[in-house]
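Novice: Please read through the structure below; I'll follow up with questions.
The values are calculated or read from the model by the stated rules, or taken from the named source; none is laboratory data. This one's a predicted model, so the numbers in the text were calculated from it and none came from an experiment. Every residue, glycine among them, receives a Cβ derived from its backbone with ideal geometry; neighbour counts consider all protein chains shown. Please note that ligands, DNA and RNA were not included when accessible areas were found on the heavy atoms of the full protein model with its side chains. Shrake-Rupley method; radii C 1.70, N 1.55, O 1.52, S 1.80 Å.
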Amino acid sequence: MDSTLKMLSIPENFKVDLITSGCCGMAGSFGYEKEHYDLSMKIGELGLFPEVRKADADTIISATGTSCRHQIKDGTGRIALHPIEVMFNALI
């Protein structure tokens with residue numbers, strides 16, 4: 001995470017805050033499986049989802065993992081970008 005945080009701090013006027021939530025609850029394909037869906041959502045609610053919901057609408061949400069980005073969308077309705085997408089958008 002250190003490298004990602006450092007990279008996302010490069011663009012001017014960017015302030016990076018790390019959400020220390022642990023696992024988003026998806027764990028690869030775990031959360032996609034019908035028998036694990038409810039548990040995966042409960043795990044997301046332990047820390048990640050409430051923090052994402054508290055963020056202002058203009059706050060960029062970023063996550064490196066594909067499954068994490070899907071979990072954030074499913075659990076909060078917010079779109080999470082890969083850090084490289086954030087950097088690309090900051091540079092154009």
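Novice: Filter the range 16-36 down to the residues that are open to solvent by 100 Å² or more (accessible area, probe 1.4 Å) and over 19 Å from Leu5 (Cα atoms) and list them by number.
Specialist: Tyr32, Lys34, Glu35
Novice: Of the residues that sit in the range 50-71 and are over 9 Å from the mean Cα position of the chain (by Cα) and outside any loop (DSSP other than H, G, I, E, B), which one is surrounded by the fewest Cβ atoms within 10 Å (Cβ to Cβ)?
Specialist: Per the criteria, the residue is Lys54.
Novice: Looking at (1) more than 20 Å from Met7 (Cα to Cα); (2) under 13 Å from the mean Cα position of the chain (by Cα); (3) modelled with pLDDT under 95, can you tell me which one Ser40 breaks?
Specialist: Evaluating Ser40 over (1) more than 20 Å from Met7 (Cα to Cα); (2) under 13 Å from the mean Cα position of the chain (by Cα); (3) modelled with pLDDT under 95 leaves (2) as the failure.
Novice: How do the pairs read when you match residues in the range 1-21 that are in contact (Cβ under 8 Å) with a residue 40 or more places away in the chain and aliphatic (A, V, I, L, M) with residues anywhere that are open to solvent by less than 60 Å² (accessible area, probe 1.4 Å) and assigned to a loop (DSSP other than H, G, I, E, B), using Cβ under 7 Å and keeping only pairs 6 or more apart or on different chains?
Specialist: Going by the 7 Å Cβ cut-off, the qualifying pairs are Leu8/Val16.
Novice: Turning to a different aspect of this structure: For the range 72-92: of the residues being under 19 Å from Gly25 (Cβ atoms) and touching a Leu at 6+ places or on another chain (Cβ under 8 Å), which is surrounded by the most Cβ atoms within 10 Å (Cβ to Cβ)?
Specialist: Checked the range 72-92; the qualifying residue surrounded by the most Cβ atoms within 10 Å (Cβ to Cβ) is Ile72.
Novice: Could you grab me the full set of residues in the range 37-49 that are of a type outside the set (Phe, Trp, Tyr) and open to solvent by less than 40 Å² (accessible area, probe 1.4 Å)?
Specialist: Ser40, Met41, Gly44, Gly47, Leu48
Novice: Also, quick follow-up: When you go through (1) in a loop (DSSP other than H, G, I, E, B); (2) touching a helix residue (DSSP H, G or I) at 6+ places or on another chain (Cβ under 7 Å); (3) among the hydrophobic types (A, V, I, L, M, F, W, C) one by one for Met87, which number turns out not to apply?
Specialist: (1)
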